[in-house]
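Report on the following structure.
Read-outs throughout are calculated quantities, based only on the coordinates presented, and are distinct from any laboratory measurement. Just so you know, these numbers come straight off a predicted model, no measurement behind them. Neighbour counts run over all protein chains shown; Cβ positions are idealised from the backbone, glycine included.
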Amino acid sequence: MQADFLNAHERHMDDAERLFLAGRLANADHLYGLAAECGLKALSEKLVPSGILEPKQDFVHIMEDKKPATAWSRYQTHLVGHALATRLSVPTSNPFSDWSVSQRYAHESCFDLLCVERHRRGATLVANLMQTARKEGLKI
């Protein structure tokens with residue numbers, strides 16, 4: 001199965017918003033992290049000269065303690081030297097530093113509105129970067 005990061009970003013973001021508005025914070029939170037991760041990977045594919053991401057280095061989660069890099073930090077390395085670096089940059093502070101893909105196993109009572117809203121803002125930031133990239137001529 002071939003990865004389609006753009007489609008994954010769009011559907012995870014859409015579902016996360018629907019779940020958030022329905023008060024389903026645990027699943028919304030999980031999907032906000034995945035939406036941001038997939039969005040950064042879709043952008044990264046357009047930023048690397050080859051257009052091909054490195055599976056061992058780039059197929060990481062937005063925040064994963066067991067990996068040497070996160071999708072957030074890998075995206076930042078892909079921006080270095082790119083003409084659109086300043087227009088497509090992300091803050092150095094990762095809003096997903098407390099997010100983990102393994103949280104999908106956590107009880108829903110573990111998710112509070114403040115934390116989910118921070119992840120929602122992070123995912124929205126990535127979605128906005130994708131719109132900026134399109135306006136700047138990247139085919140995303």
What's the FRET efficiency of Ala83 with Asp4 using the Cβ-Cβ distance as r and R₀ = 22 Å, to the nearest 0.05? 0.30
When Rg is the radius of gyration of the Cα atoms in the chain and Rh is its Kirkwood radius, what does Rg/Rh come to? 0.96
For the chain, with a Gaussian network of springs between Cα atoms less than 10 Å apart, report the residue from Ala106, Ala36, Ala123 with the top mean-square fluctuation. Ala106
Given an 8 Å cut-off on Cα distances and at least 6 residues of separation, report the relative contact order of the chain as a percent. 29
Evaluate Rg over Rh across the stretch 1-41, taking Cα atoms for both radii and Kirkwood's formula for Rh. 1.02
Give me His107, His78 sorted ascending by neighbouring Cβ count inside 10 Å, so fewest comes first. His107, His78
